[in-house]
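Engineer: Here's a structure for you.
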Number of protein chains: 2
Amino acid sequence: MQAVGLITEYNPLHNGHRYHLRQAQQLTNADCVIVVMSGDWLQRGEPAILDKWTRAKLALENGADLVIELPVFFTTQPAHLFARGGIELLSALDCTSVVFGAEHPELDFQRLATAIAARQGSFTHYNATFATQFNAALQAATGVTLTAANDMLSFCYYAANQTLAHPMQLLPIKRRQADHATTTIAADSRYASGTAVRQAALAQDWAALKPVVPADTFTALTTQRLQRWSDFWPFLQYQLLTVDVARSGQYDQMAEGLEYRMQAMAQHATTFDDFIHQVKSKRYTYTRLQRVATAALLQLTQAEVQKAQAHNYLRVLGFTPKGQAYLHQVKKQLPLPLYTKINQDLRQHALNLDYRAGRVYQLINGQSQDLYRQPWRLPVTIG
Amino acid sequence: MQAVGLITEYNPLHNGHRYHLRQAQQLTNADCVIVVMSGDWLQRGEPAILDKWTRAKLALENGADLVIELPVFFTTQPAHLFARGGIELLSALDCTSVVFGAEHPELDFQRLATAIAARQGSFTHYNATFATQFNAALQAATGVTLTAANDMLSFCYYAANQTLAHPMQLLPIKRRQADHATTTIAADSRYASGTAVRQAALAQDWAALKPVVPADTFTALTTQRLQRWSDFWPFLQYQLLTVDVARSGQYDQMAEGLEYRMQAMAQHATTFDDFIHQVKSKRYTYTRLQRVATAALLQLTQAEVQKAQAHNYLRVLGFTPKGQAYLHQVKKQLPLPLYTKINQDLRQHALNLDYRAGRVYQLINGQSQDLYRQPWRLPVTIG
């Protein structure tokens, strides 16, 4: 059996994602479609609208055969680290190829990544201004600048893939969906951006939502407790009001002095949006500030995140019979630990950061995120 | 002018307290009645039902001339430290005498305190089992054991007073109120215990409440947001779920290993009462556990509490013209700093623990506890 891999967030899974899952299989003729998916906290530093179990099930219902959770210490990170974590997991699972969406799949990402491969060491280091640094280097070496989010991420997949002893085949494809930044759902369209889908769901605009998401996603969005940053704002504010500033300075991605600014703004801000808006300055992007806010909420320190990144693992959220067969095939030569169920030891050690991230997420929807959970076992139901 | 001092919590101020205030003045014929009062967090490790400003105003409306806040690093402590903090403030204000309620005012507290004065060093050290230790020593030296809460506190006032270069005159009096432990309000009684008053207020049993509290207290209880531990439970749970156990082990009064137990119980507990009940063992009293929970909620470490205890201060919450005249009289020779208004420097340094404690309290009632607040200036309104 051969496998194709995808690196995803599915926040939530919409028709564009479903199309992408099918394309990945058809393009590669793979026997198994593996999805690495962010858990409850996402790359843009925000909670997922639906929890990881709901989203994993949706993935299995719409074309995935095996869903692996990307740990929180890779999901809430800049693009190069997010990409590194995902590529590492797909490679560990012996995927032959990786398919991903890009705004400009025609770009020669391989050449671009190779051109600055030697210089990557200087800015793959944990840093907020990675995009700026790497674009400056890329511009100098190749004359190309990447500005679109998925082009940038594609580049990072190539860069991460190049460092592998046995690189996988990378296949960027054009995303079948509205522009990533479009926040409205066009009439008569079956495709909308994730932002537009989330806005429609939170506004309970079911008529607009229904045409652009699979039926299972529609059901989940209409029946589950949808989560967003404003749900966690009371906890974040409380945390920033009580934590010692020397301690908050150790939170992941907290730049020098930002902890003082955050603690000062937490005194008076009344909502999460208000807070982020007050903290915002030219120096930091909203995404960066949201990631720092996530680290503060989860009390993730830079030290523990960096330590954890050196100990990646395969946490199984679900599989179809095909996914199970594939897992069985590769299981004996896996270079990373495989976890299918949490226990006391994993909760306190190897999986402790994911457990903490899930336990905080659970404060709002009340659904256990780790304890007592077992991987989904789904029949193939691709329509 | 001569002053008499009281050490209080007024949670909330009821007829027994009002009687006590009058008795204190009449007994000593003092020109000024000074009240040292706990702020928003109390000796039993719980939030006050009304905030410190409301309670300070009630004190001024019912016989006090000057209200000073006992800092949080003395209020949420075992009796001997609570007493030490209060006595230190009254002595700093040059009080001639201190009046306090005891279950057995006829006891010779002076003799008892003197009898074990030499041994106090061995158990005045920060310790949960202070009561047990000191009673064992007291029993051995004098044959007396103190079991009633206010007898014990009275003893602590004597012990703290003895260490002063110029001890004040101490006057224990019989409390004019129902038994401290009684939780119901007797028909036709003008007196009830604090517990009974709080229960009636929280149950909105206004008919039972009205006869046992002054009119101003009744108004406050019927119009303000009453606070209790359950209001803060979501924050405490969140905190215990995210904090590193090595960090929580540093919280004030956290005994060895208790941090693990608290973090484990926080996983599943659904209410504060449920949580404390699950954590409870023979080794710890409920009061002790509530104090530790308060320290965890406020992220108060043992190190910062002990450091702060060595730097007590006089924070003025309000005064009458008499109180103001008295303050003017003693102001030049005060051995402790006098603070009437918070500023940026005080908020971040000298008053930082009280500021933090108040800011967390404020999360529920939305009333600023420090910023923009000025001491009350009340006319004398003793009825």
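Engineer: Going by a 1.4 Å probe on protein heavy atoms, which residues of the range B:213-242 end up with at least 40 Å² less accessible surface in the whole assembly than in their chain alone?
Structural biologist: B:Phe235, B:Tyr238, B:Leu241, B:Thr242
Engineer: Sticking with this one: Does any residue of the range B:339-371 lose at least 10 Å² of accessible area with all protein chains in place compared with its chain alone, and if so which ones (probe 1.4 Å)?
Structural biologist: When all protein chains are present, B:Arg347, B:Tyr355, B:Arg356, B:Arg359, B:Val360, B:Leu363, B:Leu371 each give up 10 Å² or more of accessible surface.
Engineer: Treat each spin label as a single point 7 Å out from the Cα along the C-beta direction, and report the B:Leu164 to A:Thr142 distance in nm.
Structural biologist: So the label points at B:Leu164 and A:Thr142 sit 7.8 nm apart.
Engineer: Just to be sure I understand: if you take the accessible area of chain B alone plus chain A alone and subtract the pair, with a 1.4 Å probe, what total do you get in Å², rounded to 100?
Structural biologist: Summing both sides, the interface buries roughly 2100 Å².
Engineer: Next question. Could you tell me the center-to-center distance, by alpha carbons, between the range B:19-40 and the range A:342-365 in angstrom?
Structural biologist: Their Cα centres are 53 Å away from one another.
Engineer: Right, something else. Tell me, how many Å apart are the Cα centres for the range B:204-243 and for the range B:250-310?
Structural biologist: Here the two parts' Cα centres lie 21 Å apart.
Engineer: Can you tell me the Rg and the Dmax, both Å, for the Cα atoms in the range B:249-383?
Structural biologist: Over the range B:249-383's Cα set, Rg and Dmax evaluate to 19.1, 56 Å.
Engineer: Also, I was wondering about something else. Over chain B, calculate the relative contact order: mean separation of alpha carbon pairs under 8 Å at least 6 apart, over the residue count, as a percent.
Structural biologist: 23
Engineer: What does the charge add up to near B:Ala293, with Lys and Arg as +1, Asp and Glu as -1, over the other residues with Cβ less than 14 Å from its Cβ?
Structural biologist: 0
Engineer: Per residue, what accessible area does the protein assembly as shown have, given a 1.4 Å probe and all protein chains present, in Å²?
Structural biologist: On a per-residue basis, 40 Å².
Engineer: Assuming 1.306 mPa s and 10 °C, estimate D for chain B with Stokes-Einstein, Rh taken as the Kirkwood radius over Cα pairs, in µm²/s.
Structural biologist: Once the numbers are plugged in, D ends up at 75 µm²/s.
Engineer: Have a look at B:Leu202, B:Leu60, B:Leu90 and tell me which one the Gaussian network model of chain B (Cα, springs below 10 Å) gives the largest fluctuation.
Structural biologist: Checking each option, the largest mean-square fluctuation is seen for B:Leu202.
Engineer: Any idea how far apart B:Leu371 and B:Asn352 come out in nm if each label point goes 7 Å out from Cα toward Cβ?
Structural biologist: Here the modelled spin labels are 1.7 nm apart.
Engineer: For the range B:26-150, report the convex hull volume of the alpha-carbon atoms normalised per residue, in Å³, without decimals.
Structural biologist: Details: hull volume 15.8 nm³, N = 125.
Roughly 126 Å³ of hull volume per residue.
Engineer: Here is a further query. Can you list the trypsin sites (Lys or Arg not before Pro) in the range A:233-312 that are in a DSSP coil and have 10 or fewer other beta carbons within 10 angstrom?
Structural biologist: On the way: sites: A:Arg247, A:Arg261, A:Lys280, A:Lys282, A:Arg283, A:Arg288, A:Arg291, A:Lys307; in loops: A:Lys280, A:Lys282, A:Arg283.
Answer in residue order: A:Lys282.
Engineer: Which aspartates and glutamates have a Cα less than 19 Å from the Cα of B:Lys282, not counting those fewer than 8 places away in the same chain?
Structural biologist: B:Glu256, B:Glu259, B:Asp273, B:Asp274
Engineer: Using only Cα positions of the range A:146-217, each an equal point scatterer, no hydration layer, compute I(q)/I(0) via Debye at q = 0.11 Å⁻¹ and quote the log10 values to two decimals.
Structural biologist: For the requested q values the scattering log ratios are -0.41.
Engineer: Would you mind working out the magnitude of the charge dipole of the range A:229-305 relative to its Cα centre, with +1 at each Lys and Arg C-beta and -1 at each Asp and Glu C-beta, to the nearest 20 Debye?
Structural biologist: Rounded to the nearest 20 debye, it is 300 debye.
Engineer: Checking the a/c ratio against 1.5 first, then a/b against b/c, what shape does the Cα gyration tensor give for the range B:229-305?
Structural biologist: Here the range B:229-305 falls in the rounded category.
Engineer: Between B:Leu363 and A:Ser189, how many nm apart are label points set 7 Å from Cα along the C-beta direction?
Structural biologist: Calculated label separation equals 4.1 nm.
Engineer: State, as an integer percentage, the relative contact order of the range B:229-305 based on alpha-carbon contacts under 8 Å between residues 6 or more apart.
Structural biologist: 41
Engineer: Okay, moving on. Using alpha-carbon pairs under 8 Å, 6+ residues apart, how would you state the relative contact order of the range A:1-108 in percent? Intermediate results must be reported in sequence, preceding the final value.
Structural biologist: Numbers: 174 pairs, mean separation 37.5, N = 108.
35 percent.
Engineer: Given the DSSP H assignment, sum -39500 (n - 2.57) over each helix run of at least 4 residues in chain A and divide by its residue total; what's the result at 222 nm in deg cm²/dmol, nearest 500?
Structural biologist: -14000 deg cm²/dmol
Engineer: Roughly how compact is the range A:12-69, stated as its Cα Rg over 2.2 N^0.38 Å to two decimals?
Structural biologist: That works out to 1.13 for the range A:12-69.
Engineer: Then there is this: Picking from A:Cys32, A:Ala308, A:Phe232, whose Cα lies most toward the positive end of the charge dipole for chain A (charges on Cβ: Lys, Arg +1; Asp, Glu -1)?
Structural biologist: Value computed over the given set: A:Cys32.
Engineer: Right, something else. Roughly how far apart, in whole Å, are the Cα centres of the range B:56-78 and the range A:50-119?
Structural biologist: Using only Cα atoms, the two centres lie 59 Å from each other.
Engineer: Report the charge-dipole magnitude of the protein assembly as shown in Debye, nearest 20, computed about the Cα centre from +1 at each Lys and Arg Cβ and -1 at each Asp and Glu Cβ.
Structural biologist: 20
Engineer: As I understand it, the dipole of the range A:157-236 uses +1 on the Cβ of Lys and Arg and -1 on the Cβ of Asp and Glu, about the Cα centre. Which of A:Ala192, A:Gln169, A:Leu202 lies farthest toward its positive end?
Structural biologist: A:Gln169
Engineer: From the Cα gyration tensor of the range B:156-265, with a ≥ b ≥ c the square roots of its eigenvalues, which class applies: rounded if a/c is under 1.5, or else prolate if a/b is larger than b/c, or else oblate? Walk me through the numbers on the way to the answer.
Structural biologist: Details: a/c = 2.75, a/b = 1.27, b/c = 2.16.
Taking the square roots of the gyration eigenvalues as a ≥ b ≥ c, the range B:156-265 is oblate.
Engineer: I would also like to ask the following. For the range B:290-337, how big is Rg over Rh, using alpha carbon atoms and the Kirkwood form of Rh?
Structural biologist: My calculation puts Rg/Rh at 1.18.
Engineer: Can you tell me the dipole magnitude for chain B around its Cα centre, using point charges on the Cβ only (Lys, Arg +1; Asp, Glu -1), in Debye to the nearest 20? If you can, show how the numbers build up before the last one.
Structural biologist: On the way: 35 positive and 29 negative charges, 57 e Å.
In debye, rounded to 20, chain B gives about 280.
Engineer: Any lysines with Cα under 23 Å of the A:Lys341 Cα? List them, leaving off those in the same chain fewer than 8 positions away.
Structural biologist: A:Lys52, A:Lys57, A:Lys307, A:Lys322, A:Lys331, A:Lys332
Engineer: Here's something else I'd like to know. Quick one: grab the alpha carbon gyration tensor of the protein assembly as shown, order the square roots of its eigenvalues as a ≥ b ≥ c, and give me rounded if a/c is under 1.5, else prolate or oblate depending on whether a/b is larger than b/c.
Structural biologist: Prolate, since a/c reaches 1.5 and a/b exceeds b/c.
The values are calculated or read from the model by the stated rules, or taken from the named source; none is laboratory data. Bear in mind the structure is a predicted one, so any value in this text is a computation, not a measurement. Don't worry about glycine lacking a Cβ; one is built from the backbone with ideal geometry, like all the others, and counts go over all protein chains shown. When the accessible area is computed, the model is the full protein with side chains, heavy atoms only, and any ligands, DNA or RNA have been set aside. Shrake-Rupley method; radii C 1.70, N 1.55, O 1.52, S 1.80 Å.
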